[in-house]
1. Please work out if THR94 is of a type in the set (S, T, N, Q) and more than 30 Å from PRO268 (Cα to Cα).
2. Scanning segment 668-679 for residues that are of a type outside the set (S, T, N, Q) and at pLDDT 95 or above, which turns out surrounded by the fewest Cβ atoms within 10 Å (Cβ to Cβ)?
3. I'd like to verify a number: residues in segment 608-628 that are within 19 Å of GLU561 (Cβ to Cβ) and part of a helix (DSSP H, G or I), how many?
4. Determine if segment 583-599 includes at least one residue that is open to solvent by 40 Å² or more (accessible area, probe 1.4 Å), part of a helix (DSSP H, G or I) and touching a Pro at 6+ places or on another chain (Cβ under 9 Å).
5. When both residues are 6+ apart or on different chains and their Cβ atoms are under 7 Å apart, which pairs have a first residue that lies in segment 503-525 and is over 25 Å from ALA404 (Cβ atoms) and among the polar types (S, T, N, Q), and a second that is outside any helix (DSSP H, G or I) and open to solvent by less than 10 Å² (accessible area, probe 1.4 Å)?
6. Counting only residues that are outside any loop (DSSP other than H, G, I, E, B), open to solvent by 10 Å² or more (accessible area, probe 1.4 Å) and touching a Leu at 6+ places or on another chain (Cβ under 8 Å), how many does segment 37-59 have?
7. So in segment 425-448, with the set limited to residues that are assigned to a helix (DSSP H, G or I) and without any contact (Cβ under 8 Å) to a residue 40 or more places away in the chain, which one is surrounded by the most Cβ atoms within 10 Å (Cβ to Cβ)?
8. Would segment 558-571 turn up any residue that is part of a strand (DSSP E or B), open to solvent by less than 10 Å² (accessible area, probe 1.4 Å) and at pLDDT 95 or above?
Amino acid sequence: MTEGLLPENKHDRVLQRRGVLVRGVVQGVGFRPFVYRLATEEGLAGSIGNDTDGVTIEVEGPASHIATFLERLRREVPLLARIDSVVARDLQTTGERGFHIAASEVLGRVTTGIPADAATCPDCLHELLDPADRRFRYPFLNCTNCGPRFTITRRIPYDRPQTSMAAFPMCAACQAEYDDPLNRRFHAQPNACWECGPHVWLESTDGVPIHSDDSVRATIDHLVSGEIMAIKGVGGFHLAVDATTEEAVSRLRHRKRRYGKPFAVMVPDMEAARALCVLTTEEEALLQTPARPIVIARARAGNGIADAVAPGIPWLGIYLPYAPLQHLLFADMRINALVMTSANISEEPIAIDNDEARGRLGKIADAFLMHNREILQRCDDSVAAIIDGAPQLIRRARGFVPLAVSLPLDSPPLLAVGGHLKSVFALARGNFVYQSQHLGDLENLTGLEFFKESLAHLMHTFEIEPEAVVHDLHPGYLSTSWAREWAVEHRLPLIGVQHHHAHIAGCMAEHSLSGPVIGLSLDGTGYGTDGHIWGGEVLICRLEGFERFAHLDYVPMPGGEAAIREPWRMALGHLHAAGFDVTDPQLTKLFRTSDQNVRVLTRMMTRGLNSPLTSSLGRLFDAVAAVVLDRSEVDYEAQAAIELEGIAVDEPDEDIAASSYTVELKRGDWSRREPATIPMAFLWQGLLKDLRDGIDRARIAARFHATVAQAFVQAAALARTATGIQQVALSGGCMHNRRLARLLRTGLERQGFRIFFHRSVSPGDGGLSYGQAAAAAAILRSGER
């Protein structure tokens with residue numbers, strides 16, 4: 001052997017041709033130029049093309065080079081791509097030379113994914129702000145590493161004719177980039193520039209164009225002067241105001257009819273984000289992901305943000321610009337923080353069409369910044385937080401939708417319609433679930449139309465024809481009644497899944513658990529199998545079914561749903577159920593209502609009139625907030641609980657057993673499947689004593705959280721003694737509470753449990769449809785329907 005030369009590998013002399021099918025998110029993310037580069041670097045011939053199955057690759061060359069190519073294919077995958085499977089097969093060699101990119105094909109059923117919208121990449125941002133670049137200050141620049149995807153796509157394959165960019169033929173320069181496999185804009189479907197692409201303009205609320213040499217700079221002028229601007233974005237319009245101007249933010253609240261719920265604030269960069277909030281390493285990383293979600297973080301005192309942005313709570317929802325147009329709003333450094341909230345009247349769908357915006361937003365905004373790139377799918381900003389050290393989605397929308405969430409079992413085509421609040425439906429097929437974007441609350445026909453519009457789009461895009469429809473058990477949900485009508489119309493079977501079972505099934509499916517697990521399902525409202533309102537549940541769960549092991553003791557909700565809007569009613573109900581004389585003047589003053597109201601509601605509860613029973617933990621939070629915080633009415637869901645968490649003193653290493661009020665479970669008879677109950681009488685005795693003794697309310701709030709955690713840790717330990725189960729899955733809207741999640745984890749870990757939290761979908765009702773789909777797939781597989 002000659003010194004310095006490697007021995008010849010016999011596999012280098014063996015020519016091979018292989019066909020490779022790659023499934024996953026592999027279209028619109030630079031995957032074809034990535035494969036072209038790999039094949040060229042490995043000296044391979046062949047081709048790559050998009051089809052409805054994903055991408056199909058053929059490579060020919062030395063066997064060892066093909067092996068290296070396949071290994072690099074998985075290891076060096078582009079940032080926005082996700083490979084779910086790679087299937088290779090041997091083909092007959094052809095002697096082909098060179099590697100090329102084939103035209104897309106529409107072949108059979110769609111199994112590939114549409115990429116989510118992605119934030120402007122560093123390369124594009126550099127071009128946007130470079131005076132020498134031909135796209136300097138162009139509001140719609142993008143490349144294969146960033147830009148709109150889901151919101152402009154009609155169907156798969158993801159090619160320009162299938163998007164709203166079909167209306168904009170490329171100029172010669174853009175076409176050359178698009179055709180060059182070594183250019184980062186190769187087959188970037190939204191590719192455009194000043195010469196050939198969409199444009200922006202400013203107009204008044206009566207539809208008259210406002211002349212300006214630079215519409216974006218003119219928009220900044222309006223914002224600096226305190227005006228409300230409706231700005232068309234990626235997934236819909238935003239209503240924007242200067243976040244540091246109290247009067248402007250208050251005016252936006254009044255016009256939008258959003259009287260207490262916090263607004264999100266967009267800032268230009270991480271330096272500005274750090275100036276507003278105390279950020280952990282995990283929060284900083286989450287802010288900078290390509291999805292660019294709104295991140296809930298602790299606000300700094302005296303950060304200059306108007307009090308009206310997030311009244312009564314210590315957190316602020318902040319996010320970074322994710323579209324070139326948004327970067328331009330901050331480029332001149334005349335404004336450093338913008339309220340950017342969904343452009344709608346509170347709880348309506350976000351506006352996306354120009355004419356729709358003129359009609360719906362004309363009495364809210366002072367002027368419009370429009371553009372002419374059609375938005376095909378409404379998509380709000382996603383919301384996330386770091387809960388117990390890891391990211392948790394609160395609202396799954398832009399940047400995440402329509403990326404599939406895996407299922408641990410094979411599912412027939414299913415439609416799961418979700419719940420009532422924070423509506424999200426899901427389509428399942430095979431080992432994947434495709435959740436819709438956040439749709440808002442299904443409170444009216446406008447919300448239902450958005451639901452149907454989004455469903456038609458996803459069914460068409462993924463070519464999923466459901467073979468069964470899955471729904472919540474609550475007979476009053478609009479989603480349930482619609483599901484029943486739709487199933488009859490399409491002659492499909494219905495599968496009802498209990499609300500809290502769906503929550504736990506979703507957490508189990510995320511972690512590929514088939515069961516059994518101890519499920520702590522903690523939220524505000526869910527229809528129980530006994531006809532009562534559940535929400536403080538300890539379940540023994542499998543994917544296909546559950547048994548109720550324990551629950552918070554039932555208490556009345558005087559006035560029914562009015563008790564959700566007026567937490568003092570829940571305080572009255574809880575104290576009445578705990579055996580207190582609620583007509584005692586010392587207690588009556590806690591309710592901040594008339595003695596007459598207290599007497600009337602007490603008679604209603606005693607007689608069981610319009611006082612449905614609930615085991616809801618959410619309603620317990622409301623009751624305690626009413627007494628501790630004087631919170632007699634709420635402006636938005638969970639407001640009382642959020643404020644109660646917000647004032648609790650921060651003791652990250654506290655011992656919940658030592659710091660809680662007394663907890664005593666009432667054991668059931670598990671051999672007869674009689675559930676245990678968790679009475680709250682001792683909690684109320686201790687809490688009222690602390691109030692009488694003048695204990696600081698922040699300390700009382702902390703003790704309350706510790707008590708709730710201790711109660712459910714004890715219930716889980718009791719369930720393990722009865723069943724031998726070591727795994728605990730935690731779900732429900734109360735898992736958005738950082739403090740409660742941390743205390744539960746700490747307490748359960750000290751008991752030696754294995755613990756599972758949601759990570760890919762929301763633990764709240766936004767994740768309900770995923771759990772419904774997982775449960776229904778398991779029910780159909782087991783034949784338990």
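1. Judged against the criteria, THR94 is a match.
2. We begin by selecting, within segment 668-679, every residue of a type outside the set (S, T, N, Q); these are 668-670, 672-676, 678-679.
Now restrict to residues that are at pLDDT 95 or above: 674-676, 678-679.
Details: GLU674: 12, PRO675: 20, ALA676: 20, ILE678: 24, PRO679: 18.
This residue is GLU674.
3. Residues flagged as within 19 Å of GLU561 (Cβ to Cβ) and part of a helix (DSSP H, G or I) within segment 608-628 amount to 9.
4. Taking every residue of segment 583-599 in turn, at least one turns out to be open to solvent by 40 Å² or more (accessible area, probe 1.4 Å), part of a helix (DSSP H, G or I) and touching a Pro at 6+ places or on another chain (Cβ under 9 Å).
5. Taking only residues 6 or more apart or on different chains, the pairs are THR525/GLY535; THR525/SER616.
6. Count: 4.
7. LEU448
8. First, pick out the residues of segment 558-571 that are part of a strand (DSSP E or B): none.
The answer is no; no qualifying residue exists.
The values are calculated or read from the model by the stated rules, or taken from the named source; none is laboratory data. Remember, predicted model here, so these are calculated numbers, not experimental data. Cβ atoms come from the backbone with ideal geometry, glycine included; neighbour counts cover every protein chain shown. Just so you know, the surface numbers come from the protein's heavy atoms only, side chains and all, with ligands and any DNA or RNA stripped out. Shrake-Rupley method; radii C 1.70, N 1.55, O 1.52, S 1.80 Å.
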